[in-house]
Structure formats: structure tokens, C-alpha cells
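What follows draws every value from the coordinates through simple rules; no lab data is involved. Since the model is a prediction, treat every value here as computed from it, not as a measurement. Glycine also receives a Cβ, built like all others from the backbone with ideal geometry; neighbour counts cover every protein chain displayed.
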Amino acid sequence: MTTSATGFAAQTCTAPPERSDRMRDIVLAHVPSDRAIRILDIGCGTGSLLFRLADALPDASLVGIDLSDANIRAARREQSGRSSTARIAFETADYLQYRPGILDTPEAFDAIVSDGVLHLVPGDSGALARKIAADLTAGGVLVCDMPYACAYNTAFAVLRRVLRGMRSSWTDRMILQIGRLLHGREMGDDGLRERIGYMYVPPERVMGEALARTFEAAGLHRIAEHAMKSVSLSQLRHRVTVFERRGAAR
């Protein structure tokens, strides 16, 4: 596993409520609400999206996994006392090593969701796509929010590589100060500090035609795209792409 993944293993990451609301609404547009389904959240963070889906889908069972034990502990604290507690399981896990069933769940999911995580998973994109396809039932959907191929993201990826090569306490302070200037009114220092590490991490992959073909070769066919509002000049531009599992991986 590369630094891009392990660098967040001890950190919390709390998704902005507006983004979790948007992701919830997109997921609800692509999953059945009239029967029991199983949902996996890859890189669930502190559970923001999973809790919203549990509230909206009272018959669903949900699993959230994350590399960060700090995230999972925070999610479990938030889970305590919720009426949906029995339907949600959280586990510290590396998705590429994760095997459905270890949390008393069936072997496949009806939907896999991932908000701003798949571009950080290290390794071969084909292997990642085949793993996702294997973890989905036939007709199941992947709903993923990730950076897409565009000039802005290409330039920003270069900047992040440069910053990574010169990272120091000084650059951390500089990024925090810029964050305060841009977002100090809507976000406190704790939230801003959570995001400093991302400024040093270029994406392993971006969503575009090449990656879509890789996913298709694994049996994941693109069926929809949805806009995701950018809230910061320092954020990579994201889009939500929906894939349906139609065939076996090749």
C-alpha cells in the first residue's frame, strides 16, 4: 500500500453535510426503496452518508469500511443510540483486502457507494474495478464521487505533487492559513486541519473515458453521471458516476 492510502489511517475525515445530502439523493435515485437491500460504503469516514441512507431506507442493511480507525471509532460513537444501529456495521478495513461476509453480511451487495475515495485507492485500476464488480450482485450499482479528467484537475495534481515533495510544518501552516481565509466562516480549525493532508495527495486515477472502459471490462457499465458542486478553489473537481453490474469480470 502506498503513502496516499496509509497517510490517512490515523485521521478523521468528516464530509460536509451538503455533500452527504447530495450523495444520499443520488444514491436514492438509483437503488430500490421497496425491498431489503445491502449497501457497502467504501471509505465511509465518520458515517455521514451511511447514516443518511439508513434513515431514508428503513429496510436496508449497511456496512461502512474505512482505513482510519479514528473514523470508525467516531462513526460508532455517532451510531450509539440511533434507531438504525442494528442495521449498520462499521469496520476498519483496507478495501482491497476486505472480503464481504466478515461482518456477518452476505457475500455481495446491491449497491456500493464511495464519496471522494476511489481516486485515492492505490494500485491497478483494473484490479480495483474487478474487486468492486465481484462484490456487487447482478444488477447492483456502484455510485462513486471522484475527480474527473479535466485541465483543472491535471494542473492541480501537478501542484499537489510539488507540495508533497516540499512538505514541512511551514507548508502545513501556510495551507491552514489559506483555508482560514477561504473557509473560516463555515469551517473551524479542526475541520480545516483534517483537510491539510489531502493537499499533498495527487489522485491515483480520475474518472474519464479510459477509466470507464476499464470498469466496463470488469462488467461495470456506466448508466448515469451527476454534477457535484465544488466548494473550494483548492478542491479537485468532482463528479458522481453511476455504474451497473451487468456481467462477470473478464
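With loop membership from DSSP and a limit of 11 other Cβ atoms within 10 Å, the longest segment of the chain without GluC sites (Glu not before Pro) is 1-106. Quote the Stokes-Einstein diffusion coefficient, in whole µm² s⁻¹, for the chain, based on the Kirkwood radius over alpha carbon pairs, a temperature of 25 °C and a viscosity of 0.890 mPa s. D = 133 µm²/s.
Calculated FRET efficiency, Asp59 to Asp189, Cβ-Cβ distance, R0 = 35 Å: about 0.30 to the nearest 0.05.
Scattering from segment 151-200 was approximated by placing one identical point on each alpha carbon and applying the Debye formula without solvent; log10 I(q)/I(0) at 0.21, 0.27, 0.29 1/Å stands at -0.76, -1.02, -1.07. Comparing Leu120, Leu181, Leu67 in a Gaussian network model of the chain where C-alpha atoms under 10 Å apart are linked, the largest mean-square fluctuation is found at Leu181. Dividing the summed helix terms, -39500 (n - 2.57) for each DSSP H run of n ≥ 4, by the number of residues in the chain produces a 222 nm estimate of -10500 deg cm²/dmol to the nearest 500. If the segment from Met174 to Thr85 were pulled out straight at 0.36 nm per residue, it would be longer than the present Cα-Cα gap by 28.0 nm. Couplings 3J(HN,Hα) for segment 50-67, derived from phi with the Karplus relation 6.51 cos²θ - 1.76 cosθ + 1.60 (θ = phi - 60°), are 5, 5, 5, 5, 4, 5, 7, 10, x, 9, 8, 10, 9, 10, x, 10, 7, 5 Hz, where x marks Gly and Pro. Whole-Hz Karplus values for segment 216-223 come out as 4, 5, 8, x, 9, 9, 5, 10 Hz, taken residue by residue from phi with 6.51 cos²θ - 1.76 cosθ + 1.60 and θ = phi - 60°; glycine and proline positions read x.
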